[in-house]
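Let me begin by presenting the structure, written as structure tokens, before commenting on it.
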């Protein structure tokens, strides 16, 4: 009986570990620029996200709407300062098309009211 209970606990643990590593499509995180206070005109509000162990983020897509000096623009192009890897302490180059497991921040620049969304797919790291 103890063996059966132990086996059940082991199977449950393995099932939970596999669920944590499931592939997901169209995961998104948003970032904004809010109004600052005092001498600080704008406050960047990054979107924080994790790529779980055993997975990687692929098919990175951005949609940004920024305002700068009263001029609005939209873009779907990544820049070298869009994604910051907290785990390594470095920005992810726009040419990098995959993100390994780790902690990240997605950032947009501009004046208050600027916003952006990063969308990606999570797949098993091989």
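Is there a residue being farther than 14 Å from residue 32 by Cα, in contact (Cβ under 8 Å) with a residue 24 or more places away in the chain, within 13 Å of the chain's Cα centre (by Cα) and part of a strand (DSSP E or B) anywhere in region 83-95? Scanning region 83-95, I find at least one residue that is farther than 14 Å from residue 32 by Cα, in contact (Cβ under 8 Å) with a residue 24 or more places away in the chain, within 13 Å of the chain's Cα centre (by Cα) and part of a strand (DSSP E or B), so the answer is yes. Just one of the listed residues (56, 64, 25) is assigned to a strand (DSSP E or B), within 15 Å of residue 121 (Cβ to Cβ) and at pLDDT 95 or above, and it is 56.
Here residue 111 clears all of (1) surrounded by 15 or more Cβ atoms within 10 Å (Cβ to Cβ); (2) in a strand (DSSP E or B); (3) at pLDDT below 95 except the condition numbered (2). For region 67-76, which positions are farther than 12 Å from residue 119 by Cα and either assigned to a strand (DSSP E or B) or touching a strand residue (DSSP E or B) at 6+ places or on another chain (Cβ under 7 Å) (or both)? Scanning region 67-76 gives 67, 68, 71, 72, 73, 74, 75.
Identify all residues within region 99-108 that are assigned to a loop (DSSP other than H, G, I, E, B) and under 15 Å from residue 77 (Cα atoms); write none if there are none. Explain how you work it out, then say what you get.
First, pick out the residues of region 99-108 that are assigned to a loop (DSSP other than H, G, I, E, B): 100-101, 107-108.
Matches in region 99-108: 107, 108.
On the given criteria, is residue 90 under 25 Å from residue 110 (Cβ atoms), at pLDDT 95 or above and loosely packed, with under 12 Cβ neighbours inside 10 Å?
Details: under 25 Å from residue 110 (Cβ atoms): yes; at pLDDT 95 or above: yes; loosely packed, with under 12 Cβ neighbours inside 10 Å: yes.
Answer is yes for this residue.
The values are calculated or read from the model by the stated rules, or taken from the named source; none is laboratory data. Treat the numbers as computed from the prediction; the structure is a model and nothing was measured. Cβ: placed from backbone, ideal geometry, glycine included. Neighbour counts: every protein chain shown.
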